[in-house]
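So the structure is just underneath, and the comments pick up after that.
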Amino acid sequence: MKGYAMLKIGESGWIEKEKPACGPLDAICKPLAVAICTSDVHTLWEGAIGDRHNMILGHEGCAEVVEVGSEVKDFKPGDRVLVPAITPDWNSLEAQAGYAMHSGGMLAGWKFSNFKDGVFSEYFHVNDADGNLAILPESINTVEACMLSDMVPTGFHAVELADVQFGDTVLVIGIGPVGLMSVAGAALRGASRIIAVGTRQVCIDAAKGYGATDFVSYKDGSIEEQVLAMTDGKGVDRVCMAGGDCSTFEAAVKCLKPGGKIGNVNYLGSGDYINIPRVEWGVGMGHKDIRGGLMPGGRLRMEKLAALVTTGRLDLAPLCTHVFEGWEHVEEALLLMKQKPRELIKPIVKLAD
Ligand code: NDP
Ligand code: ZN
């Protein structure tokens, strides 16, 4: 089979590989559409997860099942499925402890294009098919279905980590596709005011549609000064972080009220330490929680998030700004994500309707 692979850090191209083997609990799937993630850019060009040789890229997509193992109960060849970017081993001790995304070690539930070949391939392997796949509802098209792999669950996880409550004022730092889903998730959870940080107009427009009420540009001075000014010096109840870097935590802590929570899903690609401002962290006693997490994967989450789309509570169309048709466009779509032109939110490569 053919797959689009990371050959080594900074180099990618098409390669030939053996079709993956299907274990008793597994499924082999054929993509219907795939999407490019900021994480693919981090992996390939920044060496975020270390060097990898001839590893097929990609972890966002929806697919058709072509083969299932002898123990798989709920899926069969021909089923059209949602595939989460994180595919935990559901019988692991980490899963029993409530942190399936870390099954097999920290962050090890992230398998596609990390510990095994990803989805930019004619066929790909899914472990624990009954635990990880979900039926793709007929009313969700293949392009939008790709957003359910990672953007929706990750953006929503920031909202879960920040524990957004009715009436909260929520600051969402970063409104790329992940942060936009944090805006949507915070609105669904009943936030009264959502302050969004970002500069790209296409993202600002989408954020408005998803429920953002106020906007801050991190290029127009410090985030904390702007947010404190627009909240009469009081700050916010919750912060979702889906952009920035290690230094952005300082702004988040300074913006947060005592008792508030920060939910980070942003990938921190450089720097050894995160600085927490001592005084604004209540000299160690401010009850300001800082949480960070890899999104949980798995079937139940896929089914529940898809239900938000089928019932019309969540519209994924605004994220899908650049749709290509055919495998030959994968490289172009990946390069587009690297360049990140200002009108781009998400590039998707459609392979079937
Ligand atoms: P994007 O690059 O599309 O968006 C980043 C956002 O952050 C943009 O709105 C950008 O603003 C803003 N930003 C950039 N610099 C700063 C700054 N200094 N301060 C504040 N905001 C800033 O990324 P994605 O939405 O695709 O992904 C967001 C992050 O989530 C990435 O780091 C990605 O690797 C990570 N991720 C994490 C996962 C998890 O499970 N935890 C899964 C998937 C992704 P502007 O409008 O100017 O561009
Ligand atoms: Zn992703």
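The values are calculated or read from the model by the stated rules, or taken from the named source; none is laboratory data. Owing to the predicted nature of the structure, the values given are computational and were not obtained by experimental measurement. With ideal geometry, Cβ positions are generated from the backbone for all residues, glycine too; neighbour counts draw on all protein chains shown. Note: accessible area is taken over every heavy atom of the protein model, side chains too, but ligands, DNA and RNA are not part of it. Shrake-Rupley method; radii C 1.70, N 1.55, O 1.52, S 1.80 Å.
Taking the solvent-accessible surface of protein heavy atoms with a 1.4 Å probe, what is the per residue accessible area of region 5-48 in Å²?
41
Under a 10 Å cutoff between Cα atoms, tell me which one of Thr38, Thr311, Thr248 has the largest fluctuation in the Gaussian network model of the chain.
Thr311
Give the residue list of trypsin sites (Lys or Arg not before Pro) in region 170-263 that are DSSP loop and have at most 13 other beta-carbon atoms within 10 angstrom.
Answer in residue order: Lys219, Lys234.
How would you order 12-21, 159-168, 330-339 from highest to lowest mean count of nearby Cβ atoms within 10 Å?
159-168, 330-339, 12-21
Per residue and in cubic angstrom, what volume does the convex hull of the Cα atoms of region 154-292 have?
Convex hull of Cα atoms, per residue: 93 Å³.
Kirkwood Rh over Cα pairs of region 153-207 into Stokes-Einstein at 10 °C, 1.306 mPa s: D in µm²/s?
My calculation gives 148 µm²/s for D.
Give me the distance in nm between label points sitting 7 Å out from Cα along the Cα-to-Cβ direction at Ser217 and Lys340, one decimal.
Computed distance between label sites Ser217 and Lys340 equals 1.6 nm.
What angle, in degrees between 0 and 90 and rounded to the nearest 10, separates the Cα long axis of helix 299-310 from the longest principal axis of the Cα atoms of the chain?
70
Calculate what fraction, in whole %, of the accessible area of the chain sits on carbon and sulfur atoms when a 1.4 Å probe is rolled over the protein chains.
Carbon-and-sulfur percentage of accessible area, whole number: 51.
So if each residue of separation counts as 0.36 nm, and I subtract the Cα-Cα distance between Asp272 and Lys73, what length gain in nm does that give?
Answer, rounded to one decimal: 67.1 nm.
When the Kirkwood radius is taken over all Cα pairs of region 184-250, what Stokes-Einstein diffusion coefficient follows at 4 °C and 1.567 mPa s, in µm²/s?
In µm²/s, the coefficient is 103.
If you build a Gaussian network model of the chain, linking Cα atoms that sit under 10 Å apart, which residue out of Cys22, Cys240, Cys255 swings the most?
Of the options given, Cys22 has the highest mean-square fluctuation.
At a threshold of 8 angstrom on Cα-Cα distance, excluding pairs fewer than six apart, so keeping six or more, what relative contact order does region 1-136 reach in percent?
Reported as a whole number, the value is 31 percent.
With an 8 Å Cα cut-off and a minimum separation of 6 or more residues, compute the relative contact order for the chain in percent.
About 19 percent, as a whole number.
Fully extended, how many nm does the chain gain between Ile9 and Lys116 (0.36 nm per residue separation, minus their Cα-Cα distance)?
Stretched fully, the Ile9-Lys116 segment lengthens by 36.9 nm.
Between Glu328 and Val66, how many nm apart are label points set 7 Å from Cα along the C-beta direction?
The two pseudo-label positions are separated by 2.1 nm.
Where only protein heavy atoms count, and the probe is 1.4 Å, what is the accessible area per residue for region 154-292 in Å²?
That works out to 43 Å² per residue.
Mind checking region 231-275 for chymotrypsin sites (Phe, Trp or Tyr not before Pro) that DSSP puts in a loop (not H, G, I, E or B) and that have at most 11 other Cβ atoms within 10 Å?
Tyr273
At 0.692 mPa s and 37 °C, plugging the Kirkwood radius over alpha-carbon pairs of the chain into Stokes-Einstein gives what diffusion coefficient in µm²/s?
The calculation lands on 160 µm²/s.
If you find the alpha carbon centre of region 180-210 and of region 15-51, how far apart are they in angstrom?
Comparing the Cα centres of region 180-210 and region 15-51, I get a distance of 30 Å.
Given 0.36 nm per residue, what is the gain on full extension from Ala21 to Ala229 after removing their alpha carbon distance, in nm?
Between Ala21 and Ala229, full extension yields an extra 69.1 nm.
Can you give me the angle between helix 151-162 and the longest principal axis of the chain, using Cα atoms only, in degrees from 0 to 90, rounded to the nearest 10?
Value to nearest ten degrees: 40.
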